[in-house]
1. Please calculate how many Å² of accessible area the stretch 62-151 carries per residue, with a 1.4 Å probe and no DNA, RNA or ligand atoms counted.
2. Output wanted: per-residue J couplings in Hz (rounded whole) for the stretch 141-155, from phi through Karplus 6.51 cos²θ - 1.76 cosθ + 1.60, θ = phi - 60°, x for Gly and Pro.
3. Any idea what log10 I(q)/I(0) is at q = 0.19, 0.21 Å⁻¹ for the stretch 39-184, Debye with uniform C-alpha scatterers and no solvent?
4. Can you list the lysines whose alpha carbon sits under 22 Å from that of K162, skipping same-chain ones fewer than 8 residues off?
5. Between Y93 and N174, 0.36 nm times their residue separation minus their Cα-Cα distance comes to what?
6. When the Karplus curve 6.51 cos²θ - 1.76 cosθ + 1.60 is applied with θ = phi - 60°, which whole-Hz ³J(HN,Hα) does each residue of the stretch 79-87 get, with x for Gly and Pro?
7. Can you give me the distance in nm between label points at E154 and F134, each placed 7 Å from the Cα along the Cα-to-Cβ direction?
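The values are calculated or read from the model by the stated rules, or taken from the named source; none is laboratory data. Since the structure is predicted, the reported quantities are computational estimates derived from the model, not experimental observations. Reconstructed Cβ throughout: ideal geometry from the backbone, glycine too, with neighbour counts over all protein chains shown. Areas reflect the complete protein model, heavy atoms only, side chains present, ligands, DNA and RNA absent. Shrake-Rupley method; radii C 1.70, N 1.55, O 1.52, S 1.80 Å.
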Amino acid sequence: MTEGLKYVKCALLQQENDPLEYCVCTLPIPSNIGIPLFPCELPNNFKLFQSNEAFSQLGMKIMDIEEEENHKLMRTICCPSLRPLTITSRDFYNNIPIQAERKFAIPFIQKNEMKVKYDGEYAGKIVQEQCCTFMKGMFHQLFIYDSNEYLIYEITANLKQKGLLCFLPFQSCNSIKYSIIDKRPAEEQLISENYTNGQIEHLFYGWSNELCSKADQYGIKFPDSASEKDKALLIMCCIFIDYLWFENF
């Protein structure tokens, strides 16, 4: 079993397929508008693995990540992009490396944000600004702040991606890619000649998962300058994206 996130370069986040959710309407097209009042909407579970850069080979499992059972009423009456969440992770030794919480946010009035702890200490937060990203030519935009409220990463996905249309007839199922842009001052980024930027990819998860369930998987390439706390924030950012766009149907 791996010792934390320090030496992890690439990771694969897989959501477990729960057959009890098959009564939920599945429409495998990204949507920020969900349908509430599904009594069989269940808490989600994820597994995080080490991976190669192509996300084609699984390595050792890093941790299990679970949505806690609380907020049962809100889970039923709210669509996933809006409902409150409490997320807990556990590693091989039953430690809890990452905890995250998102409160209910009123659409177009409050910012949708998730606060994250790593090893019991506040690591930062992920924020969805209240703005129309489509007017900017972007599919999605998120901001990650550290524990001192400094902006450290901007997560963006361009609209010009075939993956956004991959479930329409005669379209190939390409991935949806999110760029991880380091927003810290240049002197703090420790950029070298072989420096690589980070990226998050929403990956095709097989036709059975895509058409019959709401399970998804994501590949993460961490920036070379990312610390363990930064990696925890980026992992939770994947889950944040999942609830915002890929859990609503």
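1. Dividing the accessible area of the stretch 62-151 by its residue count gives 53 Å².
2. The phi angles translate into 8, 10, 10, 10, 10, 7, 5, 9, 6, 8, 5, 10, 9, 10, 10 Hz.
3. -1.49, -1.47
4. The qualifying lysines are K136, K177, K214, K221.
5. Stretched out fully, the Y93 to N174 stretch lengthens by 25.5 nm.
6. With coefficients 6.51, -1.76 and 1.60, one gets 6, x, 5, 10, 5, x, 9, 10, 10 Hz.
7. My value for the distance between the label points is 2.2 nm.
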